Every structure is written in structure tokens, then in C-alpha cells.
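For reference, the structure discussed in these notes is given below.
The values are calculated or read from the model by the stated rules, or taken from the named source; none is laboratory data. Quick caveat: nothing in here was measured; it's all calculated off a predicted structure. Glycine gets a Cβ as well: all are built from the backbone with ideal geometry, and neighbour counts include every protein chain shown. Heavy atoms of the whole protein, side chains included, go into the accessibility calculation; ligands, DNA and RNA do not. Shrake-Rupley method; radii C 1.70, N 1.55, O 1.52, S 1.80 Å.
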Amino acid sequence: MRRSAALYGILGLVLLAFGLVDYFIAAGFRLFVWVNLVGGLFAIVLWITSSRSALASISTGRSARYGANAAIYSLAFIGLLVAINYISSLHHARIDLTAEKVYSLSSQSRNVVKQLQKPLKIYGFFQGGDNPSARELYETFAYYSPKVSYEMVDPDKHPELAERYKVSVMGTTHLQYGGDNGEGINVTELNEEALTNAIIRATKKTKKTIAFLDGHGESDPDDVENPTGFGLVKKALEGEGYDVNKLLLAQAPKVPDNVNLVVIAGPIKPLGVHEIDQLNDYLKHGGRVIAMFRPQRPDNSIDETALMKLAGDWGVKVGNDIVVDQVVRLFEGPALGLNPLVQTYDEHPITKDFKQRTVFPMSRSLAAEPNLKPGLTVSPIAKTSDTSWAEVDLDLLYKQQKAQLTEKDTRGPIAVVMASVGNLEQLGFGKSGEARMVIYGSTEFANNQYSVTLFNRDFFINSADWLTGEENSISIRPRSIRASRFRLTTDQFSIVFAFAVLLLPELLLIAGIVVWWERRN
């Protein structure tokens, strides 16, 4: 009977241990807890009542001393674990092992919150004063900066806060920067990108203006419906705190003084002499320009000669060709592609820590002019692969959909983005400072169809940040599409935890103890 009683004691301890683990970790499903606790207590009581004489002799012998020492060591070990957990709660670190970095902020979001000069309080207005997704997002922002804090608010219980921060829609996030007298912004979208953009708008003291040249068939920044429009890029720029509008230079005496950047998004019709002179004068006074090209067509429906001359005056030669690259399709072998992928970037502020892929559809080749003027610095930023080349036989390419590398073509890698910096004083313009240009061989690179492809949007906005002097904003921005998650309620989690995590190991442990006990005796 004594042997069986000892087995009851061991099994009782096992049942109690698993019951307590489930009690403290999974709070919803209590059936598993009660079954283990009741069964464990019953087994231990049975062991005690069956082993009174043995316990009395053990408590006064040498084994009692060993048991006391073991108990002290166990308590010390438990105390050490408690201390380690307490310290880690004060100085903890996160490690995101998910492939899509679901539980981490993008580099842009991290930079934004780390550069905060004043406290930022995030208020989440939700039914019942709680929302698990919102709380998780707020906690992630607060983790990266001690200046960020958050509070979940039930508008029904605290209508004074809703009225103070002008919250009228349930699910609104209010960001208050710099205390009660600081800047406040309401956001109705619950995602990282919306919150980061709101923080940027709240912390920027002045807005810079980006003007898209209009009147020559350029891609339309107000068009968000058609694949060829630039509406998504405009939305992204506005989210970064820029004012974006159109510029009809043919009817203006000059580029307005408040314009910090002019974007020329692939004109189809030629720019007039007067407009080229205005752009040159703008650059000579320290202006900033993005010029984007389209490849020529056999019917000569695109005339960018004047824009090519402007780029040439500032040190960039635009080729009259199309960049072709080989693509490998499964079961088909190599084929020609007019959408070359780019993953090679030269050292430049635009591409600082930028290692992601971009795609440059229908791109012309770019190169530095052979004899640069003193004061001009031209550098390639993005290049295609070694298997690419710049095809000059456009008739063969358009009419027969064929291309072949010949002596007339330029072998890859091919530059598809170049930056030009002009020292105004060295160029003889009598002013200090510098002019900046970024030349893109492709216009489709940033349209609605391709701006959301790979990391095209980040590359384009980084270019705008560098040109406007916002180099601290250069980064990788949040992805608008995040990895999917499967959420469980507290009760569902408790049931899954009890049956999937605890029950099977418990049964195996009990079976192992019984088998070991029988063989031992």
C-alpha cells in the first residue's frame, strides 16, 4: 500500500502543477483547472492518510535535512526567477521573428517617434474603452520612444474628452503633441501608416510645396483611378506633410518663390523655350527638380527634346533608347522584359540603408555627360543588372517585339536614376548654395500601377525628401498591406492552451511516471 501511496503523491503534485499553470496563464477556461486541482488534492490527501507512520519517521531523520536543503534551494531559485522577470519588465526588448515584421514599426515610423522633441499622447476612442488591435498598435509606438504614451477612452463615460478633442466618430485616434496647448490631429484609420503620417503633420513646423508641371501631357497628380495617374504618389507626399499642387508654367512669369520642388512627370508635348528658361533660372537660384522621361515611339508622338537638353545642361545625358532585361519564366526559359528590376544602388543619401528592390518599366538609359562643367557633380543612383542593355532599335522592338544586343547598344548595368548637384558659385551664377536635380529614365516608375509595386514609392519619396532638404525623413515607410493574423477571444485562447499545450504533456508525463513506477517496483 505504501508503494501505491507514494505514487498517488507524485501524481497529485503533477496534477496540481498543471492546474496552477493553467490558472495563471489562461484565465478563461476553468474546467481543466478544477479537474486538475481537485484530482491533485484528492491524490495528495490519499497519500498522506496512507503514509502517516512513514512521514513521521522521515521528518526526524537525515532525509528531512536533505529535504529542507532542497526546499531552500528551490525557494532561492524561484526568487531568482522572480527577480529576473521583474528586471526584464523594467528593461525589456522585443525581437520580431515574423517574416513580414508584423510586430515591428517600419524604419520611418521608428525615426519619427525617436526624433520627437515633446511628449506625444495618443487617445483611442472606442466603444467600451478598449480595442485589442488599437492597444497593440499604440503599445508598439510607445515601445520605441519614452515620449509616447497612450490612453484608451470610452466616449460614453468621458464625453468631456471627446468634446475637447472634437471626436465625433467612434474608433477615432487623437494625437496630442506638446501637451494640452500643443498640436492635435484626429485619425479615423487604424494602421501604422495613418498614425505615422499624423505624427509627421503634427510635428512639422512648416509645410513645403511640391509643384507638378502641367500642360504638356504629364501624368496627372489628381488622377487616382487610372493606372497612368500619379494620384497615389500625391497622397503619399501629402501624408509626409507636403503641399502638392499643379504648376502651369506657360502662364506664369516664373516658378513661384514658395515652390520647394518641381516635378516634371513625363511630358508628351515639348516644353516651350520660355518654360525651359524659367526652369533654368529656378535652378540657378538653388531650385530643386525631378525630371522623368518616357521612351520615344516610332510615330514620334512623344517629344522630350527640350527636357533632354535641360538635363544635359545639368550634366545628365538621356539616351534615345529603352532598357531591356532578360527575365526567366518557369518552363519557358529566358525572355525579354521591359520592366527591369533594380537592386543595385550607389552610395547616396537617397539610397541610405536602401536595399529593397524596385522596378523601372519603359525606361531610358542615363549617363553623365562626358565633359562636365566645373561645379557640377553627377552620380548614378540606381542601376539595372548585368544582363540588361539599352536597346536603340526601337522600330524592331515596337513593331516585331524583338531585341538583340548589338554593337550599337549599351551593355548593362544601365543607370536609370541619376542625381545632379550644381555648386552655384563655381558655376558662375554669383550665389552661394546649390541646385539639385534627380533624373528618372522612367515615368511609369511612380504611376498608380507601379508606385505600389515593390519599394517604388519609398524610392520616389526619398528623392523628394533629399531634394527638399528633409534628409532625416529618408527611410522605408510602413507597408499598407500587413501579414494576416488569427485572433482568439480569451475563452478560445484558454481552451486551445489547455488542450493543445497542457493536456498532452500532462498525460504523457503521468503515463511515464506510472510505467517507471511499475518497473521500479
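Some notes on this structure:
- Residues satisfying the stated conditions in region 238-268, i.e. aliphatic (A, V, I, L, M) and buried (at least 24 other Cβ atoms within 10 Å of the Cβ): Leu249, Leu261, Val262, Val263, Ile264, Ala265
- Search result, residues across region 406-418 that are surrounded by fewer than 24 Cβ atoms within 10 Å (Cβ to Cβ) and either under 22 Å from Gly469 (Cβ atoms) or touching a Leu at 6+ places or on another chain (Cβ under 8 Å) (or both): Arg411
Residue-by-condition table, conditions (1) farther than 29 Å from Lys204 by Cα; (2) modelled with pLDDT of 95 or more; (3) among the aliphatic types (A, V, I, L, M); (4) open to solvent by less than 10 Å² (accessible area, probe 1.4 Å):
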position: Leu372; (1), (2), (3), (4): yes, no, yes, no
position: Trp389; (1), (2), (3), (4): yes, no, no, no
position: Lys399; (1), (2), (3), (4): yes, no, no, no
position: Gln404; (1), (2), (3), (4): yes, no, no, no
position: Val421; (1), (2), (3), (4): no, yes, yes, no
position: Glu425; (1), (2), (3), (4): yes, no, no, no
position: Gly441; (1), (2), (3), (4): yes, yes, no, yes
position: Thr453; (1), (2), (3), (4): no, no, no, no
position: Gly469; (1), (2), (3), (4): no, no, no, no
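- Test: Leu13 is open to solvent by 90 Å² or more (accessible area, probe 1.4 Å), among the aliphatic types (A, V, I, L, M), modelled with pLDDT of 60 or more and under 23 Å from Arg519 (Cα atoms): yes
- Of residues in region 141-179 being over 24 Å from Arg110 (Cα atoms) and of a type in the set (Asp, Glu), the one least open to solvent (accessible area, probe 1.4 Å): Asp154
- Being touching a residue at least 12 places away in the same chain (Cβ under 8 Å), closer than 20 Å to Tyr440 by Cα and among the small types (Gly, Ala, Ser) is not true of Gly241.
- Contact map, region 118-137: first residue more than 19 Å from Arg164 (Cβ to Cβ), second residue open to solvent by less than 30 Å² (accessible area, probe 1.4 Å) and not in a strand (DSSP E or B), Cβ cut-off under 6 Å, separation 6 or more or different chains; pairs are Gly128/Asp154.
- Scan region 226-236 for residues that are open to solvent by 50 Å² or more (accessible area, probe 1.4 Å) and without any contact (Cβ under 8 Å) to a residue 40 or more places away in the chain and the total you get is 1.
- Long-range neighbours under 9 Å by Cβ, at least six apart or interchain, first residue closer than 18 Å to Gly287 by Cα within region 245-271, second of a type in the set (Val, Ile, Thr) and part of a loop (DSSP other than H, G, I, E, B): Leu247/Val255; Leu249/Val255; Asn260/Thr468; Leu261/Thr468; Val262/Val255; Ala265/Thr443
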